[in-house]
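Q: Sharing a structure with you now.
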Amino acid sequence: MPPWKKTLLTATLAATLGYAASAVAAEVDIPVLVPVTGFLALEGTSQRNGAVLAIRHAAEGLQVHSEVIDTGTSPEGAVTALERASGDKPLAVAASMLGTQMLAMLPLADEYGIPLVTVSGTASITERGNPWVFRFFPGDDVTKTAHARYVVEELGKRRPAVIYQTTAYGQSGQAHLRDAFAKLGVQPVFEEAVDPGVRDMLPVLTKAMAANPDVLVLHLHSGPTALLVRQAAASAAGIPIVAGSAMHQPSTAALLEPAELKGVCAETSASPVSGGTPELEKFTAEYRTSFNTDPDAFALGQYDGIAMVLDAASKGAATPEAIRDVLAQSTYRGLAMTYRSDGKGNMAHSASIVCYDGSSRIPAIVKRYEDLPTQ
């Protein structure tokens, strides 16, 4: 196993769980239940690819069965997928990043006793006291704190116009952005939600600009983010844009010309294509070879989450309960960051801001916020 996939488990925890480093589970099932069709297809495909790549790196002797099931974008699709997967008694599940789907799956995960490993940013999934959910992407309480702080502290802006999605993801982000701005003494001059199916952002952009903002703050999914950025560039709005994590995705940037990205920044947990460490660059190169596209933070977070599960399994954690205990009680050094649970299943506590210079689709990391507290 590569050195960058090691778990920092304490000797006490190992003794408590009763497994030794030499023990190897012969065969495990880790289904991947993610949206690869619908309005979240770009993000969901990245999530799937990260899980698949981690499974390929399972320790020698660990045989992993992993069926990929498309959840679509409805809560019912996610529930059906989890019910189908539960029949094989999975060790853990790579679970949808869509907040409404995660909320629908939580009761079943509790009933069946299956750890859900996700990169969903929707804050409420870890606020319901469910011991089976583990988030390997910083939640909105973390990312929106970084989002607002960068706007106010680094850019010096105090009149943000906030445009967000009507989904649970969008509503969660908007609520946390409002709180984060309030703590900084800033009140948005405009706030409006848009449906993921909207194909023309000019009406909402026109209304936002009429409020005389000094920055556009976006919390949208991938397609709507690209559409708004393009129309903002065409309308010569002339003010900076600080977007949500969807903007950092290479698949989102690919929908835009480099010049359209000038002055655009985004919050994210990490940016694999921006480099930074040899291990991260190795991951990016392998991802490109495997999937003929660039990785993003969703792929990286899901990779780290499933890698942590597999590392525990290779050391003898042979039941869903044992995996749950490892995820809840141990620390894991992944590629994006070091993960540890806050007691609620929030594993990631750092966020980055990336910005585009207008000449490339590869952003630069301009600010890193470490160990931000979760609520």
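Q: Starting from the 7 Å offset along Cα-to-Cβ, what nm value, one decimal, do you get for the label separation of Asp357 and Arg128?
A: According to this spin-label approximation, the distance is 4.5 nm.
Q: Taking only DSSP H segments of four or more residues, each worth -39500 (n - 2.57), what value at 222 nm results for the chain once the sum is divided by all its residues, to the nearest 500 deg cm²/dmol?
A: On the way: 12 runs with 143 residues, N = 375.
Only helices count here, giving -12000 deg cm²/dmol.
Q: Take every DSSP beta bridge whose two residues both sit in the chain, then give the antiparallel share in percent to the nearest 5. Don't skip to the end; give the middle numbers.
A: Values: 14 of 43 bridges.
For the chain, the DSSP antiparallel bridge percentage is about 35.
Q: Using only Cα positions of the chain, each an equal point scatterer, no hydration layer, compute I(q)/I(0) via Debye at q = 0.07, 0.08 Å⁻¹ and quote the log10 values to two decimals.
A: Once normalised to I(0) and log-transformed, intensities are -0.28, -0.37.
Q: Here's a follow-up. Whenever you get a sec, compute what percent of the accessible area on the chain sits on carbon and sulfur atoms (1.4 Å probe).
A: Values: 6940 of 13720 Å².
The C+S portion of the solvent-accessible surface of the chain is 51 percent.
Q: I would also like to ask the following. If packing is taken as the average count of other Cβ atoms within 10 Å, what order do 326-337, 222-233 fall into, highest mean first? Before the final figure, lay out the partial values.
A: Values: 326-337: 21.3, 222-233: 22.8.
My ranking of the peptides, most packed first, is 222-233, 326-337.
Q: A further question follows. Run the quick spin-label model on Ile365 and Thr289: label points 7 Å from Cα toward the beta carbon, then report their separation in nm to one decimal.
A: So the label points at Ile365 and Thr289 sit 2.3 nm apart.
Q: Calculate, for the stretch 216-375, the solvent-accessible area per residue in square angstrom, rolling a 1.4 angstrom probe over the heavy atoms of the protein chains.
A: Numbers: 5240 Å² over 160 residues.
Accessible area per residue: 33 Å².
Q: At a Förster radius of 25 Å, what calculated FRET efficiency corresponds to the Cβ-Cβ distance of Lys207 and Glu257, to the nearest 0.05? Before the final figure, lay out the partial values.
A: Values: r = 25 Å, r/R0 = 1.02.
Rounded to the nearest 0.05, the efficiency is 0.50.
Q: Cα-Cα over 31 Å: which of Lys89/Lys367; Lys144/Lys207; Lys183/Lys207; Lys144/Lys262; Lys157/Lys282?
A: Working: Lys89/Lys367 42 Å; Lys144/Lys207 23 Å; Lys183/Lys207 26 Å; Lys144/Lys262 22 Å; Lys157/Lys282 37 Å.
As for pairs spanning more than 31 Å Cα to Cα, those are Lys89/Lys367; Lys157/Lys282.
Q: So, with +1 on the Cβ of K and R and -1 on the Cβ of D and E, and no other charges, what is the size of the charge dipole of the stretch 296-375 about its Cα centre, to the nearest 20 debye? Provide the component values of the computation, followed by the final result.
A: Details: 8 positive and 9 negative charges, 13 e Å.
Computed charge dipole of the stretch 296-375: roughly 60 debye.
The values are calculated or read from the model by the stated rules, or taken from the named source; none is laboratory data. A quick note: this is a predicted structure, and the numbers were derived from the prediction, not measured. Note that each Cβ is placed from the backbone with ideal geometry, even for glycine, and that neighbours are counted across all protein chains shown. Side chains included, ligands, DNA and RNA excluded: accessible areas come from the protein's heavy atoms. Shrake-Rupley method; radii C 1.70, N 1.55, O 1.52, S 1.80 Å.
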